[in-house]
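Heads up, the thing below is written out as structure tokens.
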Amino acid sequence: MYNVMYKALRMRMKRKQVYIYADQDQRLRALAHRRGTTESDLLRAGVERILAEPLPQERDHQAWLKSREFIDSLIRLGPVKGRRRWTREEAHER
């Protein structure tokens with residue numbers, strides 16, 4: 001019976017070999033013992049948590065080029081005519 005169940009599980013799983021630090025090994029073993037589960041179950045749960053995290057948003061190169069062109073167009077206009085009515089210190093107070 002056990003062999004049949006083991007073979008069924010192995011057909012759905014892929015074996016991976018990982019290296020962990022000695023202190024991680026000790027803590028993993030202790031946690032598995034406290035929870036009454038296997039180290040493999042804890043590792044699979046950790047992998048699931050990482051895979052469930054949202055991916056960082058990729059940068060949109062075209063949006064950057066468009067923004068850069070807008071900034072360059074403002075620079076080409078030159079300085080704004082007239083005087084400003086505020087000081088740099090006032091701007092930083094807000």
Q: Mind telling me which of Ile75, Ile20, Ile50 comes out most flexible in a GNM of the chain, alpha-carbon contacts under 10 Å?
A: Ile75
(Q) For the chain, what does the helix formula give at 222 nm: sum of -39500 (n - 2.57) over DSSP H segments with n ≥ 4, over the residue count, nearest 500 deg cm²/dmol? (A) -20500 deg cm²/dmol
**Q.** Gyration tensor (alpha-carbon) shape descriptor, the chain, a/c threshold 1.5
**A.** prolate
Q. Got a sec to turn the phi values of the range 55-68 into Karplus ³J(HN,Hα) couplings, 6.51 cos²θ - 1.76 cosθ + 1.60 with θ = phi - 60°, whole Hz, x for Gly and Pro?
A. 6, x, 5, 6, 6, 8, 4, 5, 5, 5, 4, 5, 5, 4
Q. With Cβ to Cβ distances under 15 Å as the rule, what net charge do the other residues near Leu43 carry (K, R +1; D, E -1)?
A. +4
Q: Could you work out how far helix 2-12 tilts from the main Cα principal axis of the chain, as a 0 to 90 degree angle to the nearest 10?
A: 20 degrees
Q: Straight distance only, please: which aspartates and glutamates reach the Cα of Lys14 with their own Cα at less than 17 Å, same-chain residues fewer than 8 apart left out?
A: Glu39, Asp41, Glu48
Q: Calculate the dipole size of the chain relative to its Cα centre from +1 charges on Lys and Arg beta carbons and -1 charges on Asp and Glu beta carbons; express the result in debye to the nearest 20.
A: 180 debye
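Only the coordinates and a few stated rules stand behind these numbers; no lab work does. Please read all numbers here as calculations on a predicted model, not as lab measurements. Positions of Cβ are backbone-derived with ideal geometry, glycine not excepted, and every protein chain shown enters the neighbour counts.
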